[in-house]
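The values are calculated or read from the model by the stated rules, or taken from the named source; none is laboratory data. Source: prediction; values computed, not measured. Because the Cβ atoms are built from the backbone with ideal geometry, glycine has one as well, and the counts that use them run over all protein chains shown.
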Amino acid sequence: MRLLFVVGLLCLVGLGYSQDSGAKLLASKNILNEWLVEGRDLTIRYSIYNVGSSAAINVALADETFHDSDFRVVSGQTRVQWDRIAPASNVTHTIILQPMKPGYFNFSSATVAYQPSEDAEVVIGYTSFPGEEGIVPFKDFDRKFSPHYVDWGAFAVMILPSIGIPFLLWYRSKSKYENAVLAAKNKKH
């Protein structure tokens, strides 16, 4: 009885794998920046993989999460379309945005619509979503990561008297002592 159950289960699994289901797309959405900063470029990459046995037709990628009030599109498009994606291949699309204001933002998934075969109905899927990320104000980012040349210059100007004046006093004293010793040597000879 147990053997019959195992054989039946294997037949069902084999039947499921043997049927041609057409194109199957896996889509991901990745934020490529380590720091998300207000007013600085933010790069987002979409990758679509066709793991099915036939070409995906009329593939459309749309990301409606970036509103004009929150982001400015620098390069790329939030809506892209491909005629077909061959089986066992992939396509990528990259957009560059600039966040307009700081704070937390929910980077939700984009929509992928495609036909698994010529006569099939449109299938709608979603990309992975990075989740909620914090957009750092430019002032805070600059304070933390800039080289601070002006700050170091001001520090040097402020500390110069406290180092320079004692040095000049020491040098004057040293010069007087050396001159006195030299004069004493010359008198003896």
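Just one of (1) over 17 Å from residue 32 (Cβ atoms); (2) surrounded by 14 or more Cβ atoms within 10 Å (Cβ to Cβ); (3) of a type in the set (A, V, I, L, M) fails for residue 86. It is (2). For the residues 6, 59, the requirement of being among the β-branched types (Val, Ile, Thr) and modelled with pLDDT of 95 or more singles out 59.
Of everything listed in (1) part of a strand (DSSP E or B); (2) out of contact with any strand residue (DSSP E or B) (no Cβ under 8 Å at 6 or more places or on another chain), the single unmet condition for residue 165 is (1).
Scanning the stretch 45-74 for residues that are among the small types (Gly, Ala, Ser) and over 19 Å from residue 135 (Cα atoms) yields 47, 52, 53, 54, 55, 56, 60, 62. Meeting the requirement of 3 or more residues that are among the charged types (D, E, K, R), the strands (runs of 3 or more DSSP E) wholly within the stretch 36-117 are 79-85. Mind listing just one residue for me: the one in the stretch 121-148 that is over 24 Å from the mean Cα position of the chain (by Cα) and loosely packed, with under 14 Cβ neighbours inside 10 Å and, of those, farthest from residue 87 (Cα to Cα)? The qualifying residue farthest from residue 87 (Cα to Cα) is 148. Considering (1) loosely packed, with under 14 Cβ neighbours inside 10 Å; (2) over 21 Å from residue 78 (Cα atoms); (3) in the same structural domain as residue 57 (by TED's automatic domain parsing), the lone condition that residue 106 does not fulfil carries the number (2).
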